[in-house]
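Asker: Take this structure, written in structure tokens, and hold onto it; I'll ask about it next.
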Amino acid sequence: MTTVIGEVDRTGAVAAIRGGLVVSCQAPPHSPMAASHVIAAVAAAVECGGASGLRIASPEHVAAVRAHTALPIVGLTKRYGDASPRPFITPDFDDCARLVEAGADILAVEAVADSRRPGEIADLFARVSDELGAPIMADVSTLAEGVHAWDAGAALVATTLSGHTSSTTGRPQPDLDLLGALAASGVRAVLEGGVTVPSEVTAALAAGAWSVVVGTAISDPRALAARFAGGLR
């Protein structure tokens, strides 16, 4: 296996998040939290709480967060369309370039069979490596996708899309089985998706995770309030 992009990690961001917690600070487009200054404040708060890195969506939010932190930022964009119930994560090179310009250290890029042909993944990763020098966190849903992304040059492979593709609908979350299989294949594997309690973070590291991403369970007060309000009903 080759690790093209991992070798041109000029910022040390991949090493900096090893064994650490990456907190995803995001908000849906129509959320009261979807303003850049709010996302930046949330990012500052989770940094105080011990986050080793941040996962931030959109160049505007990345720039706002970068102005206040030196933590590694995993940047991404989300393109919403009528053809899919979920957004497309960082669809093209222009998205990657804007994120790097805004201050992202690592780029989260979707690498699943539902949305990209294998050749497209390799071509995009190679161009990012050559022109931007930024490491990629490939968001995948299966072991085969993860190994392919790793061979194409991803520096990290995340379980982000397990349960969200046609072949993985209904898979238990968080997908520790996929994480373990990726790690056993020699991939720098990241657990992301459905992590709700600290014991799952511990289990992921024991299974070989390079790092763990937690989002909703930490940074989404709407979801947290809904859980507690549900207890009242």
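The values are calculated or read from the model by the stated rules, or taken from the named source; none is laboratory data. Since the model is a prediction, treat every value here as computed from it, not as a measurement. In this analysis, Cβ positions are derived from the backbone assuming ideal geometry, glycine residues included, and neighbour counts consider all displayed protein chains.
Asker: Look through region 9-35, keep the residues that are buried (at least 17 other Cβ atoms within 10 Å of the Cβ) and touching a helix residue (DSSP H, G or I) at 6+ places or on another chain (Cβ under 8 Å), and return whichever of them is nearest to E200 (Cα to Cα).
Answerer: Among those that are buried (at least 17 other Cβ atoms within 10 Å of the Cβ) and touching a helix residue (DSSP H, G or I) at 6+ places or on another chain (Cβ under 8 Å), it is L21.
Asker: Do we have V46 as at pLDDT 95 or above, surrounded by fewer than 24 Cβ atoms within 10 Å (Cβ to Cβ) and touching a Cys at 6+ places or on another chain (Cβ under 7 Å) here?
Answerer: So V46 passes the test.
Asker: Still on this model: Any idea which of (1) surrounded by 21 or more Cβ atoms within 10 Å (Cβ to Cβ); (2) farther than 20 Å from T160 by Cβ; (3) of a type in the set (A, V, I, L, M) is the one V62 doesn't satisfy?
Answerer: All conditions pass for V62, except number (2).
Asker: For region 188-207: of the residues being among the aliphatic types (A, V, I, L, M) and assigned to a helix (DSSP H, G or I), which is surrounded by the fewest Cβ atoms within 10 Å (Cβ to Cβ)?
Answerer: A206
Asker: Enumerate the helices (runs of 4 or more DSSP H) found wholly within region 3-112, keeping only those where 1 or more residues are hydroxyl-bearing (S, T, Y) and more than 13 Å from the chain's Cα centre (by Cα). Let's see the steps before the verdict.
Answerer: Working: elements: 13-16, 36-48, 59-66, 93-102.
Hits in region 3-112: 36-48.
Asker: Identify, from the list D105, D92, D114, the residue that is free of Cβ contacts under 8 Å to residues at least 40 places away in the same chain and among the charged types (D, E, K, R).
Answerer: D92
Asker: Among the residues of region 117-152 satisfying the criterion of being in a loop (DSSP other than H, G, I, E, B) and touching a strand residue (DSSP E or B) at 6+ places or on another chain (Cβ under 7 Å), which is nearest to G186 (Cα to Cα)?
Answerer: V140
Asker: Just to be sure I understand the filter: pairs with C-beta atoms under 7 Å, separated by 6 or more residues or on different chains, first member in region 186-207 and within 22 Å of V147 (Cα to Cα), second member among the charged types (D, E, K, R). Which pairs pass?
Answerer: Note: pairs meeting the criteria are G193/D175.
Asker: Another question, then. I want to confirm something. Restricting to region 57-115 and keeping residues that are hydroxyl-bearing (S, T, Y) and at pLDDT below 95, which single residue is nearest to A138 (Cα to Cα)?
Answerer: Among residues in region 57-115 that are hydroxyl-bearing (S, T, Y) and at pLDDT below 95, the one nearest to A138 (Cα to Cα) is S115.
Asker: Filter region 218-233 for residues that are surrounded by fewer than 18 Cβ atoms within 10 Å (Cβ to Cβ) and hydrophobic (A, V, I, L, M, F, W, C) and give the result.
Answerer: Those that are surrounded by fewer than 18 Cβ atoms within 10 Å (Cβ to Cβ) and hydrophobic (A, V, I, L, M, F, W, C): A223, L224, A225, A226, F228, A229, L232.
Asker: Quick one: how many residues across region 100-152 are under 19 Å from P174 (Cα atoms), in contact with a Lys or Arg (Cβ under 9 Å, 6 or more places away or on another chain) and not small (G, A, S)?
Answerer: Of the residues in region 100-152, 2 are under 19 Å from P174 (Cα atoms), in contact with a Lys or Arg (Cβ under 9 Å, 6 or more places away or on another chain) and not small (G, A, S).
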